[in-house]
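To start, the structure under review is shown below, and the notes come after it.
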Amino acid sequence: MTTHDITLTVNGTAHDLTVESRTLLVHALRDDLGHTGTNVGCETSMCGACTVLVDDEAVKSCTLLAAACDGSEVQTVESLVDGGELHPLQEAFAQEHGLQCGFCTPGMLMTSLDLLAHDPDPSREEIREALEGNLCRCTGYQNIVNAVERAAQTMRAATDGGDRGGD
Ligand code: FES
Ligand code: FES
């Protein structure tokens, strides 16, 4: 069994880990580091439940080897709450009833975070396109799109006011 000594910085904290060659990032995050907000769904890059940011890009962590992420900055859904305060995306998902089972939601949030970091004012069509790789099997996407649209407005207003909004 070949192992690798790697460093992952997760939500701002650096961790030294020893992982097998076959260890997927999602398993390193969940099993080695306890970040269980990142879910395992299909493990085939289809559902998006495992989405995290790696070096500020949304990726499906079931598709990446942990060893390949050596030295990377990873952001998981746990990072969104700041000092007990929900992120505008989390607030908006709650207000627009975009939260459903909780299984797909972390991935939806992280994909949306990536979208809004690159495009603070997306159209509804652009939101739908961004979320194409995040599947929900129980409902429609209307409330989720509403939530991302509302969060974008809140974050733009906060940025205009010099408050937190783009993080
Ligand atoms: S678990 Fe990664 S895309 Fe489904
Ligand atoms: S609400 Fe999560 S899979 Fe449907």
Extension length gain for C138 and T13 (0.36 nm per residue less Cα distance), in nm, is 41.5 nm
Charge tally in the Cβ shell below 14 Å around E129, where Lys, Arg are +1 and Asp, Glu are -1, E129 excluded:
-4
With all protein chains present, the chain has a carbon and sulfur share of its accessible area (1.4 Å probe) in percent of 46 percent
Size of electric dipole in the chain: Cβ of Lys, Arg +1 and of Asp, Glu -1, about Cα centre, debye, nearest 20
580 debye
Amide H contacts of L135 (H built 1.01 Å from N, under 5 Å, at least 5 apart or other chain):
G48, A49
As a percent rounded to 5, the proportion of antiparallel DSSP bridges among beta bridges in the chain is 90 percent
Considering Cα pairs under 8 angstrom that are at least six residues apart, work out the relative contact order of the chain and quote it in whole percent.
22 percent
Can you work out the accessible area per residue across region 1-107, with the rest of the protein chains kept in place, probe 1.4 Å, in square angstrom?
48 Å²
When each pair of different Cα atoms in region 40-167 is counted once in the 1/r mean, what is the Kirkwood radius in angstroms, to one decimal?
14.8 Å
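The values are calculated or read from the model by the stated rules, or taken from the named source; none is laboratory data. All of these numbers come straight from a predicted model, not from anything done at the bench. Quick reminder, even Gly has a Cβ in these numbers, built from the backbone with ideal geometry, and neighbours come from all protein chains shown. The accessibility values were calculated without ligands, DNA or RNA, using every heavy atom of the protein model including side chains. Shrake-Rupley method; radii C 1.70, N 1.55, O 1.52, S 1.80 Å.
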